[in-house]
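Here's the structure, in structure tokens; my notes come after.
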Amino acid sequence: MRYILKTRFYFAFASIASCWLTETDCGCLLCLETSRTNRVTFTSLRTPRSREAGLSISRKPVIGLCNTTRAPSGEKGVMVILREGICPGINEEFIKALQSEDIKTVEDFVSCNPEELAQKCSLSYKALVAVRRVLLTQYTAFPVSGADLYEELLSSTAILSTGNPSLDKLLDSGLYTGEITELTGSPGSGKTQVCFSVAVNISHELKKTVLYIDTKGSMCANRLLQMLQTKTPNMEEQMEALQKIKVFRVFDVFSLLACLQHLRSNGLQKASVGGGSVKALMVDSVSAVLSSLLGGKQNEGMSLLMQVAGELKMIAKDFNITVLVTNHVTRDGNGHLKAGLGQSWSHVPRTRLLLQRVEDAETSSLRTATLTKSSRQVCHLVEEFDLCHWSEERRTSISGKRKLEERSKP
Amino acid sequence: MHRTVPSLPLAPSVKVKLINAGFQVASDLTDMRPLQLCKEAGISQEEAVEVLQMLRDDGQPHQQRAATESLTALDLLHQEQALGSIVTFCSALDDTLGGGVSMGKTTEICGAPGVGKTQLCMQLAVDVQIPVCFGGLGGKALYIDTEGSFLVQRVADMAEAAVQHCTLLAEDTEQKQALEELTVEKILSNLFLVRCHDYVELLAEVYLLPDFLSKHPEVRLIVIDSIAFPFRHDFEDLSQRTRLLNGLAQQLIQLATQHSIAVVLTNQMTTRVSNGQSKLVPALGESWGHAATQRLILRWEGLRRLASLYKSPSQMEATVQYQITVQGFRDASDEHRPTPDTSAVSSQLGNHSKRPRTEDLS
């Protein structure tokens, strides 16, 4: 049987340790074949970029590749230790015999050749093949056809408006669920304010729950209340909207990972309150916890960065929510601004916006947003917007200016 | 227990051995005994005990709650309204900051030499001790001095001026009673001073702060004056400096949030040359700018001292004028008050040599 999978196929990070592609968006067409011995192999039909990315084409059985949501056991990785009782036919002596050959996990067992194994240790070939078949069916992920994937994408993706027409124009009508969007900018450029405005818009207009992970202590509920007061004078509506925003305060990377893993396992259902399901997760900022770990003689920084990226992507995909993160900027050798956390992080978000102040403006709350990475629009589009007047479209005509002056400060 | 083994706070070498042995999720490890773990993973006895200890602590309710507990924004609003703020005695600046220096956040004060950063820090260290019945916080202060610019005589002058100010305000019996206890000696005795000579001492001091704060829970303000000085001279590896500073910033904001205290940091200015023009910008690099929650820039304009709020999560940008008098940090007197100036902080070069301190009697 052949299953043809379309492009944009996301792989889970941690379960694919050494030889497979850990980066996504390779844009290649994959072809999965299942042969009679229950091996699932894949060959790549069109591999312009996959070769650069180091995609390894081999005949090793692929276990747990594909989307983790398809994995039947629900486990994240499949390096499951061989213990007695995980399948009939595995008992103490079986495990001891395998351990003498240095086979400790399911993956090790399934990757080796049963004939050689039968010769080396005292187990019968028949038993080995039977156990192997059971383990493969238990732990293999199912391939999915491209058409089904596309249908699922159409039905489950939602677009959340940010509330500001200029930003919506840049983002192709809003924040897409199942994706990570990133905001970068210098200090004081308005990243936290944009996060607040989006959170208020989602909780008040769309009536959905927002999860806000604050790593810098910049969450200020007074400011949220101020923003809500400009939208509605009704106290009850304001309180209701405030109750739909949940704040987590974590200050280092291990707490962040604990928080994200807790959310992924059972926290999201618990967090949905009053009928409004969770539709957005914001992390402000992801660079505050990660930038002190990268560089120098530290060898764990990249791994932790990739774990955070993996958790965010899995939460976005599995629960169909949109993830908005903020990042800091650094200056390169020529003095130009570039986003922080380096090249590795730059592949993680799907869309990136750079916020900047407008020099010599008449109101100090004007900002420009530049689209620096997008899969849907032409890059380097620039839009101007006003932090104080979130729902208004920015007009540069004289009538627009007069309107801005008449409005009182929130 | 849904933690994966790579995300646990353990040494990387131990984690690699655990993963190679097949442990992927923390729940795989909970039923193991130290000897068993030792044999299966090939780690030493002490490491095995450490791993299991960490997992057991992680399962404790109060530890887990820190990472998984969430507050709704409404609860947070009630909490914020209960916290006060530290007045600076300059009413224009207090209005800009939303009542004063806010609790639970880190505030960074940047400025050229002689503009008044240390004066403001000393004023805040006195103001945090104003009793609750006068609208203050009644707390103690910790002053970490790295430059050696802390002068006790100046703090004594400011304390006396504050006591006099409160005496003029005292109306009812409760306030009069509190006033009897408020003396210059008491204010000075509630101010803890630490002198750090280089960045290693500063980092060590910040590591020891959680113990210090649990022993002195009345401390409501920590001032580090200045954080730039030990990191600017004698530091060869700039990327290491950035990493250390970012780690320091995260520790400070964690302390500020957990104990509801205000953390004030002082920074210096440096010159950035671009396109043939030079601009005064805060020192320690671009990524340090993201570290503090609020940023206040003090600068000269001719003979006037101006303070601009450059970055804040809850307040609008604004520029106000202030002055330094014998009594301390005060509002500018009426003759010098400027028209409201809301232009963005950009290249306003003032004279940045230290000015002779003229006696300004307001």
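Kindly indicate whether B:Thr146 is among the polar types (S, T, N, Q) and surrounded by fewer than 16 Cβ atoms within 10 Å (Cβ to Cβ). Considered against the rule, which asks whether it is among the polar types (S, T, N, Q) and surrounded by fewer than 16 Cβ atoms within 10 Å (Cβ to Cβ), B:Thr146 comes out as no. Has region B:314-336 got any residue that is within 13 Å of chain A (Cβ to nearest Cβ), buried (at least 22 other Cβ atoms within 10 Å of the Cβ), part of a loop (DSSP other than H, G, I, E, B) and at pLDDT below 90? Yes, region B:314-336 has at least one match. Against the test of being assigned to a helix (DSSP H, G or I), in contact with a helix residue (DSSP H, G or I) (Cβ under 8 Å, 6 or more places away or on another chain) and among the acidic types (Asp, Glu), the options B:Glu185, B:Glu180, B:Glu147, B:Glu160 yield a single qualifying residue, B:Glu160.
For region A:361-374: of the residues being touching a Phe, Trp or Tyr at 6+ places or on another chain (Cβ under 9 Å) and either aromatic (Phe, Trp, Tyr) or touching a residue at least 60 places away in the same chain (Cβ under 8 Å) (or both), which is nearest to A:Glu311 (Cα to Cα)?
Within region A:361-374, the first condition is being touching a Phe, Trp or Tyr at 6+ places or on another chain (Cβ under 9 Å), and the residues that meet it are A:366-369.
Narrowing the set further to residues that are either aromatic (Phe, Trp, Tyr) or touching a residue at least 60 places away in the same chain (Cβ under 8 Å) (or both) leaves A:367, A:369.
Working: A:Arg367: 31, A:Ala369: 27 Å.
The qualifying residue nearest to A:Glu311 (Cα to Cα) is A:Ala369.
If we keep just the residues of region B:265-303 that are basic (Lys, Arg) and surrounded by fewer than 19 Cβ atoms within 10 Å (Cβ to Cβ), which is farthest from B:Gly116 (Cα to Cα)? Selected residue: B:Arg272. Here B:Thr242 meets each of (1) within 14 Å of chain A (Cβ to nearest Cβ); (2) over 18 Å from the mean Cα position of the chain (by Cα) with one exception, condition (2). Taken over region B:263-281, the criterion of being away from chain A (no Cβ under 11 Å) and not basic (Lys, Arg) is satisfied by B:Val264, B:Leu265, B:Thr266, B:Asn267, B:Gln268, B:Met269, B:Thr270, B:Thr271, B:Gly276, B:Gln277, B:Ser278, B:Leu280.
Only residues that are part of a strand (DSSP E or B) and within 23 Å of the chain's Cα centre (by Cα): list them for region B:281-301, please. Can you show your working first?
Filtering region B:281-301 down to residues part of a strand (DSSP E or B) leaves B:281-282, B:294-301.
Scanning region B:281-301 gives B:Val281, B:Pro282, B:Gln294, B:Arg295, B:Leu296, B:Ile297, B:Leu298, B:Arg299.
When residues in region B:55-103 are screened for being at pLDDT below 85 and touching a Lys or Arg at 6+ places or on another chain (Cβ under 8 Å), 3 of them pass. Within region A:291-307, take every residue that is more than 9 Å from every other protein chain (Cβ to nearest Cβ) and crowded, with 19+ Cβ neighbours inside 10 Å and give me the one that is modelled with the lowest pLDDT. For region A:291-307, the residue satisfying everything is A:Gly301.
Please work out which residue is farthest from A:Lys208 (Cα to Cα), limiting yourself to region A:233-257 and to residues that are within 25 Å of the chain's Cα centre (by Cα) and more than 7 Å from chain B (Cβ to nearest Cβ). If we take residues in region A:233-257 being within 25 Å of the chain's Cα centre (by Cα) and more than 7 Å from chain B (Cβ to nearest Cβ), then A:Val253 is farthest from A:Lys208 (Cα to Cα).
If you filter region B:215-258 down to residues that are of a type in the set (A, V, I, L, M, F, W, C) and not in a helix (DSSP H, G or I), you find that the one that is farthest from B:Ser70 (Cα to Cα) is B:Phe235. Within region A:336-360, residues that are free of Cβ contacts under 8 Å to residues at least 60 places away in the same chain reach partners that are polar (S, T, N, Q) and assigned to a strand (DSSP E or B) with beta carbons closer than 7 Å, at six or more positions or on different chains, in the pairs A:Lys338/A:Thr330; A:Leu341/A:Asn327; A:Val358/A:Thr368.
Assess whether A:Ile321 counts as being among the hydrophobic types (A, V, I, L, M, F, W, C), more than 9 Å from every other protein chain (Cβ to nearest Cβ) and in contact (Cβ under 8 Å) with a residue 12 or more places away in the chain. Spelling it out, A:Ile321 is indeed among the hydrophobic types (A, V, I, L, M, F, W, C), more than 9 Å from every other protein chain (Cβ to nearest Cβ) and in contact (Cβ under 8 Å) with a residue 12 or more places away in the chain. For region A:278-288, the condition of being touching a residue at least 12 places away in the same chain (Cβ under 8 Å), within 9 Å of another protein chain (Cβ to nearest Cβ) and outside any loop (DSSP other than H, G, I, E, B) holds for at least one residue.
The values are calculated or read from the model by the stated rules, or taken from the named source; none is laboratory data. Computed from a prediction, not measured in an experiment: that's the story for all the values here. Methodologically, a virtual Cβ is constructed for each residue, glycine included, from the backbone with ideal geometry; neighbour enumeration extends over all protein chains shown.
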